[in-house]
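Working notes, beginning with the structure itself.
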Amino acid sequence: MKSGISLVLSFFLVYNIMSVAGSTSSTTAKETCDGGDFNDDSCAVLMTVSELVAQPSEEIVSVLGGIYEHSQWVAEEFSKEDGNTLKTVSTVSELAKRLKLIVNESSDEQKLALLRAHPDLCEKIEAMKALTKESQEEQSRSGLQSMTEEELKEFKTMNESYKNKFGFPFILAVRNANKDTVLSALEGRLHNSSSQREFNVALEQVHNIAWMRLLTKVNTDDAAGYLTCHVLDTANGIPADKMKIMLTRLTPEESAGFVGEFVTNDDGRLEGGPALKGDNFLVGTYQLEFSAGQYFASKGQSLNGTPFMDVIPIRFGIDNPDDHYHVPLLVSPWGFSTYRGS
């Protein structure tokens, strides 16, 4: 009985949150068993981007046709490009950029139709059959099921106001979104955006959704991304050597867990090179834990009985398997700062 109620609630609380928990496989031939990427009710081997663009137009469209909601024309336009031009597209980043360009160069009418093709946040249960398979999977991960009755009422009111004001549904692309993130984004964009600005913001969200869908459609095992780290001791003006660092993968759930323990070298960088690379460099959420208290104690730094800065956790996300992610830490016994470096 409870499972039936949960299913109904999941169908009722439909919203445009892209919570893809996909990741790259450690095998050469990546497989998916979602029952319909290539053949209905069967497992399919995902091609690399280079393999995909070498396929006939029909095959390219069959793989990429659902990347943009109910807008197969984007994939069709891409498949019409010259064969030699298609061969130059070899990474998922390049493919996403090419598809995005097709959308951005389309008419305003086509863009508006694309926005309106996305399902409404509060679709009725009967409307679920009109959603694409991609949207059904995305909406099923809704964080809105935990809303109170009062929050749900507020949500529906703001959502209706948004549609009336802008003429298209509220669209938000977020992994692991919770209700607070959704409600805050809806309220902010409803009250703070001009019509033209919101049109552009919504279109960018559509591109983000397309990106996350694309990651589930191609094999990215050959991606060149990696993760590095650099720690600087700002109290003494030196690189922080011999600091212990632990890395944990938090999402996706199927590959979550402890990744490894590292120690910085004389330059404050990780011994042995990148913390993540190759098959282990997966899209997801991570946490680095820096043992700052232990480090400063080893330097003879005067610390309180309970150090103000002991273990420093930094949670961050990896979104692109092609990119270099660098996490610098500038730290003293009394504070720290970080950012995405290069």
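The values are calculated or read from the model by the stated rules, or taken from the named source; none is laboratory data. Predicted model only: the values in this text are computed from it and were never measured. No Cβ is skipped: glycine too gets one built from the backbone with ideal geometry, and neighbour counts run over all protein chains shown.
Return the residues of region 77-87 that are polar (S, T, N, Q) and either farther than 24 Å from Asn320 by Cα or at pLDDT 95 or above (or both); say none if nothing qualifies. Spell out the reasoning first.
Restricting attention to region 77-87, the residues satisfying the condition of being polar (S, T, N, Q) are 79, 84-85.
Across region 77-87, the qualifying residues are Ser79, Asn84.
The C-beta contact set for region 316-342 (first residue closer than 20 Å to Lys299 by Cα, second residue polar (S, T, N, Q) and at pLDDT below 95, distance under 6 angstrom, 6+ apart or interchain) comprises Pro333/Gln301.
Looking at Ala224, Ala177, which is the one that is assigned to a loop (DSSP other than H, G, I, E, B) and over 16 Å from the mean Cα position of the chain (by Cα)?
On the way: Ala177 fails: over 16 Å from the mean Cα position of the chain (by Cα).
Every option except Ala224 fails the conditions.
Listed here are the residues, each with its yes/no results for (1) in contact with a His (Cβ under 9 Å, 6 or more places away or on another chain); (2) surrounded by fewer than 22 Cβ atoms within 10 Å (Cβ to Cβ); (3) on the phi > 0 side of the Ramachandran plot.
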| site | (1), (2), (3) |
| --- | --- |
| Ala185 | no, yes, no |
| Arg189 | no, yes, no |
| Arg197 | no, yes, no |
| Val201 | no, yes, no |
| Glu204 | no, yes, no |
| Asn208 | no, yes, no |
| Leu227 | yes, no, no |
| His230 | yes, yes, no |
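Scanning region 282-338 for residues being buried (at least 21 other Cβ atoms within 10 Å of the Cβ) and acidic (Asp, Glu) gives a total of 0. Does Thr148 satisfy the condition of being at pLDDT 85 or above, of a type in the set (Val, Ile, Thr) and at negative phi? For Thr148, the condition - at pLDDT 85 or above, of a type in the set (Val, Ile, Thr) and at negative phi - is not met. When residues in region 49-86 are screened for being outside any helix (DSSP H, G or I) and farther than 20 Å from Leu215 by Cα, 4 of them pass. The number of residues in region 255-271 that are closer than 18 Å to Asp319 by Cβ and either modelled with pLDDT under 95 or not assigned by TED's automatic domain parsing to the domain that holds Tyr295 (or both) comes to 1.
Suppose we filter Gly272, Gly260 for residues that are without any contact (Cβ under 8 Å) to a residue 40 or more places away in the chain, over 19 Å from the mean Cα position of the chain (by Cα) and either crowded, with 19+ Cβ neighbours inside 10 Å or assigned to a loop (DSSP other than H, G, I, E, B) (or both); which single one remains? Outline the logic, then answer.
Numbers: Gly260 fails: either crowded, with 19+ Cβ neighbours inside 10 Å or assigned to a loop (DSSP other than H, G, I, E, B) (or both).
Among Gly272, Gly260, only Gly272 is without any contact (Cβ under 8 Å) to a residue 40 or more places away in the chain, over 19 Å from the mean Cα position of the chain (by Cα) and either crowded, with 19+ Cβ neighbours inside 10 Å or assigned to a loop (DSSP other than H, G, I, E, B) (or both).
Considering region 275-291, and only residues there that are in a strand (DSSP E or B) and touching a Ser or Thr at 6+ places or on another chain (Cβ under 6 Å), the residue that is farthest from Ile318 (Cα to Cα) turns out to be Gln287. Going through (1) part of a helix (DSSP H, G or I); (2) among the aliphatic types (A, V, I, L, M); (3) under 25 Å from Ile312 (Cβ atoms) one by one, Leu214 falls short only on (3). Mind checking whether some residue in region 149-163 is assigned by TED's automatic domain parsing to the domain that holds Ser93 and in contact with a Ser or Thr (Cβ under 8 Å, 6 or more places away or on another chain)? Within region 149-163, not a single residue is assigned by TED's automatic domain parsing to the domain that holds Ser93 and in contact with a Ser or Thr (Cβ under 8 Å, 6 or more places away or on another chain).
Taking residues in region 65-80 that are on the phi > 0 side of the Ramachandran plot, and partners anywhere that are part of a loop (DSSP other than H, G, I, E, B) and among the hydroxyl-bearing types (Ser, Thr, Tyr), the pairs with Cβ atoms closer than 8 Å and at least 6 places apart or on different chains are His70/Thr132. Among the residues of region 292-342, count how many are farther than 30 Å from Met212 by Cβ, hydrophobic (A, V, I, L, M, F, W, C) and not in a loop (DSSP other than H, G, I, E, B). Counting residues in region 292-342 that are farther than 30 Å from Met212 by Cβ, hydrophobic (A, V, I, L, M, F, W, C) and not in a loop (DSSP other than H, G, I, E, B) gives 7. Which is closer than 16 Å to Thr338 by Cβ, touching a Leu at 6+ places or on another chain (Cβ under 6 Å) and not aromatic (Phe, Trp, Tyr), of Leu270, Leu247? Testing whether each residue is closer than 16 Å to Thr338 by Cβ, touching a Leu at 6+ places or on another chain (Cβ under 6 Å) and not aromatic (Phe, Trp, Tyr) leaves just Leu247.
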